[in-house]
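Novice: Below: one structure in structure tokens.
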Amino acid sequence: MAELTTQESLLEMGFDRNRAEKAVANTGNQGIEQAMDWLMEHENDPDIDEPYVPPVGNVLGGDTESQPSAEQSTQADTTEAGDIAYNEDDENAQPMTEEEKHEQVKRLEELMRVKQAERRERERAEEVEREKQRRRHGQELQQIRQKLQDNDMKKLADQRRKEKMEDKMARQRVKDKIARDREERAQKFGGGGPPSTAAAAPEPALPSPSSPTSQGPPPTKKEYDESRIQVRMLDGSTITAVFKAQEPLAAVRVYVQMNGNTPEGQDFTLLSPYPRHVYTELDMEKPLKELGLVPSAVLVVAKK
């Protein structure tokens, strides 16, 4: 029984002639399966429906009339591949009947459906793999971002702990300084010892009014003309300087601006940590003695 050629089979299946000719030519007329594979792979080519133009070979010593036409070349290729409607060496070969043609086309259509299903399955598997890769990359990026965020939070927590520790140490230094100042003042003004000892000791008996030696002028309060000011900066460091008692608080502010490590252009104010008191612009014009910052005091720099 004779069979249809590859090109005839494609035409019977409903393919355009231009597509059929290109499929046969580009697959070397190797059979219907190769031709269908080529058509499915190139069905979206922009020139798929344009007429097929076979390549022209240059034959040395030949003339133009001796070169075969495109149709003759296609027929010759078909004959050489053994994919023809009948065999020239067999005079008894009969052409295919319509029923046989229909049966062969039906088999080819079934083959094409199988190949299309395989291609769809392959494309679906590739799409699933691409989606897996996209999700995997997304998870990796999310893990990187989470790690960076955790590192930032850890650094922030360490910085806060450090600031709290420095603030605690600064408060302790201020308390120690106040305690020392109280002891020094108690000793200078006749306390004779630390306040705790003086408070625990019993009060001495009042002298008799008849005793002339027990009477005398009360001790005079010592006048200080200088003040030793210690200033704690924003980063926890301290600077110390001595000012005149009648100098305004603005002099201390200027000294901090010139000798401290505050950023240039940053506005700040001064405050007393214990008891807490924030000095205003009006306080800046008052003398240190009037503000109670003589003979010594501790001030803290704070942002406005």
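Novice: Which one of Ala35, Ala2, Ala70, Ala93 is at pLDDT 85 or above and aliphatic (A, V, I, L, M)?
Specialist: Numbers: Ala2 fails: at pLDDT 85 or above; Ala70 fails: at pLDDT 85 or above; Ala93 fails: at pLDDT 85 or above.
Residue meeting the stated conditions: Ala35.
Novice: Suppose we keep only residues that are among the small types (Gly, Ala, Ser) and assigned to a loop (DSSP other than H, G, I, E, B) within region 28-45. Which one would you say is nearest to Glu118 (Cα to Cα)? Spell out how you get there, then give the answer.
Specialist: So the first thing to find is which residues in region 28-45 are among the small types (Gly, Ala, Ser), and the list is 28, 31, 35.
Retained after the next criterion (residues that are assigned to a loop (DSSP other than H, G, I, E, B)): 28, 31.
Values: Gly28: 23, Gly31: 19 Å.
Across region 28-45, the extreme among qualifying residues is Gly31.
Novice: Residue check: is Leu293 hydrophobic (A, V, I, L, M, F, W, C) and at pLDDT below 90? Steps first, answer last, please.
Specialist: Details: hydrophobic (A, V, I, L, M, F, W, C): yes; at pLDDT below 90: no.
Judged against the criteria, Leu293 is not a match.
Novice: Could you check Glu285 against (1) out of contact with any Pro (no Cβ under 8 Å at 6 or more places or on another chain); (2) farther than 25 Å from Glu163 by Cα and say which number it fails?
Specialist: Of (1) out of contact with any Pro (no Cβ under 8 Å at 6 or more places or on another chain); (2) farther than 25 Å from Glu163 by Cα, only one is false for Glu285: (1).
Novice: Further, regarding this structure: Name, by its number, the condition in (1) closer than 30 Å to Arg160 by Cα; (2) modelled with pLDDT under 90; (3) part of a helix (DSSP H, G or I) that does not hold for Gln266.
Specialist: (3)
Novice: If Ala250 satisfies all but one of (1) of a type outside the set (D, E, K, R); (2) modelled with pLDDT of 80 or more; (3) loosely packed, with under 12 Cβ neighbours inside 10 Å, what's the number of the condition it fails?
Specialist: (3)
Novice: Within region 269-288, can you find the residues that are part of a loop (DSSP other than H, G, I, E, B) and not aromatic (Phe, Trp, Tyr)? Let's see the steps before the verdict.
Specialist: Restricting attention to region 269-288, the residues satisfying the condition of being part of a loop (DSSP other than H, G, I, E, B) are 274-275, 279-282, 286, 288.
Those that are part of a loop (DSSP other than H, G, I, E, B) and not aromatic (Phe, Trp, Tyr): Pro275, Thr280, Glu281, Leu282, Lys286, Leu288.
Novice: Condition first: in contact (Cβ under 8 Å) with a residue 12 or more places away in the chain and among the aliphatic types (A, V, I, L, M). Now tell me which residues in region 255-271 satisfy that. Explain how you work it out, then say what you get.
Specialist: Let us first name the residues in region 255-271 that are in contact (Cβ under 8 Å) with a residue 12 or more places away in the chain, namely 255-256, 259-262, 266-271.
Across region 255-271, the qualifying residues are Val256, Leu270, Leu271.
The values are calculated or read from the model by the stated rules, or taken from the named source; none is laboratory data. This is a predicted model, so every value here is computed, not measured. Cβ atoms come from the backbone with ideal geometry, glycine included; neighbour counts cover every protein chain shown.
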